[in-house]
Amino acid sequence: MQAQKEIDTRGLNCPLPILKAKKALADMSSGDLLKVISTDPGSVRDFQAFARQTGNELVEQATVADEFIHLLRRR
């Protein structure tokens, strides 16, 4: 899957990755994909809760080395 937008939140801790994702999603069209790269282990849980609360779809989460990748679809 190819994301329309990617944001790098490496080195940022909660709530900054969520806030940056929220801002990025606001500028995107319905159906677009946002890829978020984070180094905060808590971001896995945070993005699950964020998707439930906002109605955006959490398409995929992956851990690669010490990075956490989140793929969200704008609703």
### Query
Reachable aspartates and glutamates from K35, Cα under 13 Å, same-chain residues fewer than 8 places away excluded?
E6, D8, E57, E60, E67
### Query
Can you give the helix-only mean residue ellipticity at 222 nm for the chain, where every DSSP H stretch with n ≥ 4 adds -39500 (n - 2.57) and the sum goes over all residues, rounded to the nearest 500 deg cm²/dmol?
-9500 deg cm²/dmol
### Query
Amide H neighbours of C14 under 5 Å, counting only residues 5+ apart in sequence or on other chains, H built in-plane at 1.01 Å?
none
### Task
With Rg and Dmax of the Cα atoms in Å defined as stated, name the option among [x] 23.0, 74; [y] 24.6, 82; [z] 10.9, 31 computed from the structure displayed.
[z]
### Summary
With all protein chains present, the chain has a carbon and sulfur share of its accessible area (1.4 Å probe) in percent of 48 percent
### Message
Take L16 and E57, extend 7 Å from each Cα along the Cα→Cβ direction, and tell me the distance between the two endpoints in nm.
### Response
3.1 nm
### Summary
With +1 at each Lys and Arg Cβ and -1 at each Asp and Glu Cβ, the charge dipole magnitude of the chain around its Cα centre, to the nearest 20 debye, comes out at 300 debye
### Query
For the residue pair D66 and K23, what label-to-label distance in nm results when each label sits 7 Å from Cα along the Cα-to-beta-carbon direction?
2.5 nm
### Task
Apply 1/(1 + (r/R0)^6) to the Cβ-Cβ distance of M1 and V44, taking R0 = 30 Å, and write down the FRET efficiency to the nearest 0.05.
0.95
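The values are calculated or read from the model by the stated rules, or taken from the named source; none is laboratory data. Predicted model only: the values in this text are computed from it and were never measured. For neighbour counting, all protein chains shown are included, and Cβ atoms are generated from backbone atoms with ideal geometry for every residue, glycine included. For the accessible areas, the whole protein counts, side chains as well, though only heavy atoms, and no ligand, DNA or RNA atoms are used. Shrake-Rupley method; radii C 1.70, N 1.55, O 1.52, S 1.80 Å.
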